[in-house]
Amino acid sequence: MGAPPPSDGYRPGAALDRYVRLRDRRCRFPGCRRPAARGELDHRIAWPDGPTDATNLAGLCTSDHRAKHQAPGFRFDLTADGALAVTTPSGITATTEPPPF
C-alpha cells in the first residue's frame with residue numbers, strides 16, 4: 001500500500017493529510033516530539049512550485065513550521081521515503097526518519 005495520489009491544490013485531500021500525519025506521527029523537526037496530528041503540513045518546495053503530495057509534505061508543529069519560514073538560511077530536504085534532513089545556516093545537518101508503519 002502506497003501513498004494516496006497528489007492533491008490538485010494547496011491543501012492536501014483528506015486521505016493524503018491522514019497518510020502524512022500517520023507516517024510522521026510527530027513533528028519532523030529534529031528533537032521535537034510534538035504530535036503531528038496537532039501540527040501543520042509543510043510543503044518542502046513551496047506550492048505551486050512543488051506538488052501537494054507525500055514526497056513534498058512533512059508534519060511540523062506550528063512553532064517549527066513558523067520558524068522554518070522565518071529563519072533564513074535553513075534548508076529542508078525530504079526524500080521519497082519520508083526522511084527529512086534539516087541543515088542549519090552553519091552547515092550542520094540533522095536527519096529524522098518517520099517511525100515504521
In whole Hz, with x marking every Gly and Pro, tabulate ³J(HN,Hα) for the stretch 86-101 from phi via Karplus 6.51 cos²θ - 1.76 cosθ + 1.60, θ = phi - 60°. 10, 10, 7, x, 7, x, 7, 10, 10, 10, 10, 10, x, x, x, 5
What size of dipole, in debye to the nearest 20, comes out for the stretch 1-99 about its Cα centre when the only charges are +1 on Lys and Arg C-beta atoms and -1 on Asp and Glu C-beta atoms? 440 debye
Cut-off 15 Å between beta-carbons: net charge of the residues surrounding Gly2, Lys and Arg +1, Asp and Glu -1: 0
Given the options Ile45, Leu57, Leu22, identify the residue whose Cα lies farthest towards the positive end of the charge dipole of the chain (+1 on Cβ of Lys, Arg; -1 on Cβ of Asp, Glu). Leu22
Relative contact order for the chain, counting Cα pairs under 8 Å that sit 6 or more residues apart, in percent: 26 percent
Among Arg44, Arg26, Arg18: highest mean-square fluctuation, GNM of the chain, C-alpha pairs under 10 Å: Arg18
Identify the chymotrypsin sites (Phe, Trp or Tyr not before Pro) of the stretch 2-90 meeting these criteria: DSSP loop state and at most 15 other C-beta atoms within 10 Å of the C-beta. Tyr10, Phe74
Environment charge of Glu97, counting only residues whose C-beta is closer than 12 Å and scoring Lys/Arg +1, Asp/Glu -1: +2
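Every number in this text was worked out from the coordinates using simple rules, so none of it is lab data. All figures in this text were calculated on a predicted structure; none of them were measured in a lab. Glycine also receives a Cβ, built like all others from the backbone with ideal geometry; neighbour counts cover every protein chain displayed.
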